[in-house]
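Structure first, commentary second.
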Amino acid sequence: MVSRRWVWSGLALSAGLLAWLSTALSPKVQASSPPKAPPAVPVHVARASLQNLPTSLTAVGQVQALQQVLVRPQIEGVLTEVLFKEGQPVTRGQVVARLDDRALRAQVDQAQAEVQRLKAQLQIAQLDLKRYEGLASQAAVPVQQRDQQVALVAQLQAQVQSQQASLEAARVQLSYATITSPVAGRAGLRQVDVGNLVRPSDTNGLVTVVQTQPVAVLFSVPQGRLSEVRQALKQQGPALVQVADQEQGTSLAEGRLATVDNRVDPASGSLKLKAEVPNAKEALWPGQFVAVTLRTGAMDQALVVPTQALQRGQKNAIHVWRVRDNAAEMVPVTVRWQDDQRAVIASGLQAGDAVVVDGQSRLKPKAAVKVLPASGG
């Protein structure tokens, strides 16, 4: 019995000692095992490449007619004819309406008759003057009578000239009864109907004529792009402008940069530019908002990366994440030019370098990365 008791006591002591050793040695075993590496960050990359890159500026612009005229009557009268259709093209000098001109024609006839009467009186006075000059040379009539006849001729000549001017004024008033388009363009909506009494003071006038060929496109660029605008103006040929639909991006027309405003708007910090577009197919409509692309030049063998690869850090410094040996490193870069899609790198990268374009938010220096395949788009 005693031997069995010692056996069971020994077994219990051994089990306790093993449990104590296991508890004491477990933290040391765990501490000696290496920590697990963080998982690789999935990213999309693009390669920096050398390209012959045309540079451009993009902005939102508005189409503006080079000439827009509100056709008004220049005299008061009753509208008797409307000789245009709404929306139709009209030429310069084309008759678009007529007013009742009967009273004006009568004034012209009256003025013309008065001119003829005065001319007849002048002719008689001139004949009398010739006779008086002959008689005065023979001392048959007093010299004073001859001088009076000279003054009468001069007076009648002045009256004829004055009445001739009145006749021309009456003809001008008569011409106002025929209303013509002062510019070539497209007629708008008619504002009055036949039979209405129209006046020069009418606010709406008769119709608006808008020139649609060519048209102007006004747009603004930030003052920070002023150097690129100057570069465009220094080109040998005209600076080309591409005009596209603002919503769908469909190309509508091409033109050239016509002029640049002489100052930067201090309120918005932008510079206004004006392009002229032939608009032969009338794809552009005055008042329409469009997307404008101004070609400012070209860069040969420029180092290009996608714009989404650029990141801004402290103090607005620009950097990119470059991938080498499946690890990420932060590389400061200098940007020479950029738009919404591409950026030209002046320093910091070399052709062929892989830069991260998606997934930068989870990256740290020397972080392991997993390059994902490019999407189908």
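The values are calculated or read from the model by the stated rules, or taken from the named source; none is laboratory data. Keep in mind the model is a prediction, meaning the values are calculated, not measured. Backbone-built Cβ (ideal geometry, glycine too); neighbour counts: all protein chains shown. Keep in mind that these areas ignore ligands, DNA and RNA; they rest on the heavy atoms of the full protein, side chains included. Shrake-Rupley method; radii C 1.70, N 1.55, O 1.52, S 1.80 Å.
Annotations for the structure displayed:
- For the stretch 349-360, the set of residues classified as buried (at least 18 other Cβ atoms within 10 Å of the Cβ) and not in a strand (DSSP E or B) consists of Leu349, Asp353, Gly359, Gln360, listed by residue number.
- Scan the stretch 94-150 for residues that are farther than 30 Å from Leu70 by Cα and in a strand (DSSP E or B) and the total you get is 0.
- The stretch 259-282, residues that are more than 14 Å from Ala59 (Cα to Cα) and either surrounded by 18 or more Cβ atoms within 10 Å (Cβ to Cβ) or among the charged types (D, E, K, R) (or both): Asp261, Arg263, Asp265, Glu276, Val277, Asn279, Lys281, Glu282
A quick yes/no check of all residues on (1) at pLDDT 95 or above; (2) open to solvent by 70 Å² or more (accessible area, probe 1.4 Å); (3) under 30 Å from Leu294 (Cα atoms):
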residue: Arg131; (1), (2), (3): no, yes, no
residue: Gly134; (1), (2), (3): no, no, no
residue: Val143; (1), (2), (3): no, yes, no
residue: Ile179; (1), (2), (3): yes, no, no
residue: Gly185; (1), (2), (3): no, no, yes
residue: Ser201; (1), (2), (3): no, yes, no
residue: Asn204; (1), (2), (3): no, yes, no
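- Within the stretch 60-74, the set of residues being within 16 Å of the chain's Cα centre (by Cα) and either open to solvent by less than 20 Å² (accessible area, probe 1.4 Å) or among the acidic types (Asp, Glu) (or both) comprises Gly61, Val63, Ala65.
- Leading residue by the ranking (nearest to Val260 (Cα to Cα)) among those in the stretch 186-203 that are out of contact with any Leu (no Cβ under 8 Å at 6 or more places or on another chain) and not in a strand (DSSP E or B): Gly188
- Answer from Gly224, Gly249 - the residue that is of a type outside the set (D, E, K, R), in a loop (DSSP other than H, G, I, E, B) and more than 15 Å from Lys274 (Cα to Cα): Gly249
- If you filter the stretch 322-346 down to residues that are among the polar types (S, T, N, Q) and modelled with pLDDT under 90, you find that the one that is nearest to Pro306 (Cα to Cα) is Gln341.
- Residue in the stretch 339-348 that is in contact (Cβ under 8 Å) with a residue 60 or more places away in the chain, farther than 30 Å from Leu233 by Cβ and open to solvent by less than 20 Å² (accessible area, probe 1.4 Å) present: no
- Residue under evaluation Pro373, criteria (1) out of contact with any helix residue (DSSP H, G or I) (no Cβ under 8 Å at 6 or more places or on another chain); (2) in contact (Cβ under 8 Å) with a residue 12 or more places away in the chain, criterion not met: (2)
- Candidates Leu233, Leu218 - the one that is within 16 Å of Pro286 (Cα to Cα) and open to solvent by 60 Å² or more (accessible area, probe 1.4 Å): Leu218
- Across the stretch 106-123, not a single residue is classified as open to solvent by less than 30 Å² (accessible area, probe 1.4 Å), of a type in the set (A, V, I, L, M), within 24 Å of Gln191 (Cβ to Cβ) and in contact (Cβ under 8 Å) with a residue 12 or more places away in the chain.
- Residues satisfying the stated conditions in the stretch 290-313, i.e. farther than 19 Å from Val356 by Cα and either open to solvent by 30 Å² or more (accessible area, probe 1.4 Å) or not in a strand (DSSP E or B) (or both): Ala291, Thr293, Arg295, Ala298, Asp300, Gln301
- All positions within the stretch 75-89 that are open to solvent by 70 Å² or more (accessible area, probe 1.4 Å) and either under 14 Å from Gly205 (Cβ atoms) or assigned to a loop (DSSP other than H, G, I, E, B) (or both): Glu76, Lys85, Glu86
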